[in-house]
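Enquirer: Below is the structure I would like to discuss, written out as structure tokens.
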Amino acid sequence: MSAPALSPSPSTAVTSPPARTALPEGFRAVGRSGLVVSEVGIGASTFGRTGMIADSQTAVDAIVGRALDLGITYFDVADVYGERPGQSETMLGKALGRNRDRVVIGSKFGIGLDGLNGPDWGVRGSRRYVRLAVESSLRRLGTDWIDLYQIHTPDPVTPIEETLSVLDDLVREGKIRYIGSSNFAGWQVADAEYVARIHGLTRFVSATNEYNLLWREPATELLPALAAYGLGFFPYFPLQNGLLTGKYRRDTAPADAKITNLKKHLLDAAPWDALDRYAEFARQRGVTPTALAFGWLLAHESVSSVIAGITRPEQLDDNLSAARWRPSPAEFAELSALFTGDLSGAPGQVTGSVPA
């Protein structure tokens with residue numbers, strides 16, 4: 001069922017999240033909900049990945065422990081993350097232990113798990129599959145509830161009404177607290193909002209999508225939808241796999257870097273002249289390039305938390321420091337004008353496509 005229009009009805013219109021002045025510094029509400037998260041979150045997709053800094057439980061324990069010390073509360077994970085599906089959730093759950101109540105866990109379902117949850121026949125938004133997925137994630141995380149449960153990618157087979165219905169049941173049962181989308185286009189968010197409204201189902205409170213200075217496709221359709229419905233936004237790839245950190249130059253990416261081994265298309269298509277101007281922009285203001293990337297994202301009213309992957313523990317401190325800088329309106333516009341915004345971290349993705 002398709003939404004007839006993007007604009008919400010007057011009774012449900014929310015144009016911005018709750019006032020942030022009432023929240024502690026460094027924390028934001030997730031859209032119109034009462035869920036509150038740290039402005040900087042941790043992306044746990046590298047937990048348990050061979051060759052990554054967090055490939056052992058000891059390393060994950062250290063990262064999570066340091067995050068808790070720094071006041072970071074949001075952890076982004078998914079059932080598919082890890083060297084094998086489910087491993088990242090298991091390691092995160094063990095690392096949190098008795099600190100579960102101190103954090104907000106956002107997990108996801110809907111990408112193939114090589115049979116981990118049994119056969120799914122490519123249909124991962126069904127009532128049957130969602131039940132299997134959430135019970136499995138709860139066991140791996142060692143928790144009774146998931147704070148934010150998200151559809152990892154749109155299911156082209158299952159009607160969104162069926163998926164929202166089972167998620168609504170899970171909210172009522174206390175197994176999940178809030179629901180959101182991941183990698184949805186703006187029209188799909190609008191469709192889900194419309195279906196939830198007319199059927200009295202739990203609505204999305206958030207969207208998680210790739211968004212950064214180098215990839216701004218969501219600004220054309222998704223961000224207006226989030227603003228119209230008062231949803232929070234969790235952008236991932238904030239540094240575009242390191243390109244926006246200033247550490248890479250023409251032909252100087254280290255041979256063992258992730259961007260070299262897994263994201264070579266970024267190096268091949270990188271706008272090096274613009275990146276040089278970007279680095280100079282940071283130098284003139286006495287901040288790091290990372291601060292520009294984080295500050296630009298956090299200047300968006302809809303952004304709840306920036307999801308940043310960790311390749312070394314020191315990045316936690318660096319990321320929090322970087323997140324303190326904010327651009328003026330003129331600086332925001334100047335930063336935006338540096339790049340065309342059409343370079344995605346997903347190989348082969350082009351402006352106007354829906355992420356896989």
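Enquirer: Taking amide H atoms as placed 1.01 Å from N in the peptide plane, list the residues 5 or more away in sequence, or in a different chain, whose amide H sits under 5 Å from that of Gln150.
Expert: Ser107, Lys108, Phe109, Gly180
Enquirer: Would you pull out the residues with amide H under 5 Å of Gly232's amide H, same chain only if 5 or more places away, H placed 1.01 Å from N?
Expert: Long-range HN contacts for Gly232: Gly31, Arg32, Ser206, Ala207.
Enquirer: Continuing with the same structure: Among Leu116, His265, Ser182, flag the residue with its Cα farthest along the positive direction of the charge dipole of the chain, charges on Cβ as +1 for Lys/Arg and -1 for Asp/Glu.
Expert: My answer, from the dipole projection, is Leu116.
Enquirer: Sequence-distant or interchain residues sharing an amide H contact under 5 Å with Phe27, placed H: which?
Expert: Glu39
Enquirer: Sort the range 23-182 into rounded, prolate or oblate with this rule: let a ≥ b ≥ c be the square roots of the eigenvalues of the Cα gyration tensor; rounded if a/c is under 1.5, and if a/c is not under 1.5, prolate when a/b is larger than b/c, oblate otherwise.
Expert: Numbers: a/c = 2.02, a/b = 1.26, b/c = 1.60.
In terms of gyration-tensor shape, oblate.
Enquirer: What is the gain in length, in nm to one decimal, between Asp273 and Glu334 on full extension, counting 0.36 nm per residue of separation less the C-alpha to C-alpha distance?
Expert: Working: separation 61, 0.36 × 61 = 21.96 nm, distance 1.51 nm.
Separation in residues times 0.36 nm, less the Cα-Cα distance, equals 20.5 nm.
Enquirer: Something else about it: Could you identify which residue out of Ala282, Ala207, Ala22 has the top mean-square fluctuation in a GNM of the chain using Cα springs shorter than 10 Å?
Expert: Ala22
Enquirer: Can you give the net charge of the other residues whose Cβ lies under 9 Å from the Cβ of Ser305, counting K and R as +1 and D and E as -1?
Expert: Working: positive: Arg28; negative: Glu39, Asp76.
Here the count lands on -1.
Enquirer: May I pose another question? Based on the alpha carbons, how large is the Rg to Rh ratio for the range 206-334 when Rh follows Kirkwood?
Expert: 0.96
Enquirer: Then there is this: D for the range 175-231, whole µm²/s, Stokes-Einstein with Kirkwood Rh over alpha-carbon pairs at 20 °C and 1.002 mPa s: what number?
Expert: Values: Rh = 11.8 Å.
Translational D for this selection: 182 µm²/s.
Enquirer: Which lysines does Lys247 reach when only Cα atoms under 16 Å apart count, and residues fewer than 8 places away in its own chain are ignored?
Expert: Candidates past the 8-residue exclusion: Lys258, Lys263, Lys264.
Enquirer: Can you list the lysines whose alpha carbon sits under 21 Å from that of Lys108, skipping same-chain ones fewer than 8 residues off?
Expert: Here the lysines satisfying the reach criterion relative to Lys108 are Lys94, Lys175.
Enquirer: Ok, one more. Could you tell me what percent of the DSSP beta bridges with both partners in the chain are antiparallel, to the nearest 5? Walk me through the numbers on the way to the answer.
Expert: Working: 5 of 33 bridges.
Bridges in the chain that DSSP calls antiparallel: roughly 15 percent.
Enquirer: Under a Cβ-only charge scheme (Lys and Arg +1, Asp and Glu -1), can you give me the dipole magnitude of the chain about the Cα centre, in debye to the nearest 20? Present the calculation step by step, with values, prior to reporting the outcome.
Expert: Details: 35 positive and 39 negative charges, 101 e Å.
Computed about the Cα centre, the dipole is about 480 debye.
Enquirer: Hey, in the GNM for the chain with a 10 angstrom Cα cutoff, which one of Gly65, Gly93, Gly41 fluctuates hardest?
Expert: Comparing Gly65, Gly93, Gly41 in the GNM, the peak value goes to Gly65.
Enquirer: Moving on to the next point. Would you look at the GNM of the chain, springs on alpha carbons closer than 10 Å, and say which of Asp144, Asp79, Asp191 moves the most?
Expert: Asp144
All of the numbers you see were taken from the coordinates with simple rules; none came from a lab. Source: prediction; values computed, not measured. In this analysis, Cβ positions are derived from the backbone assuming ideal geometry, glycine residues included, and neighbour counts consider all displayed protein chains.
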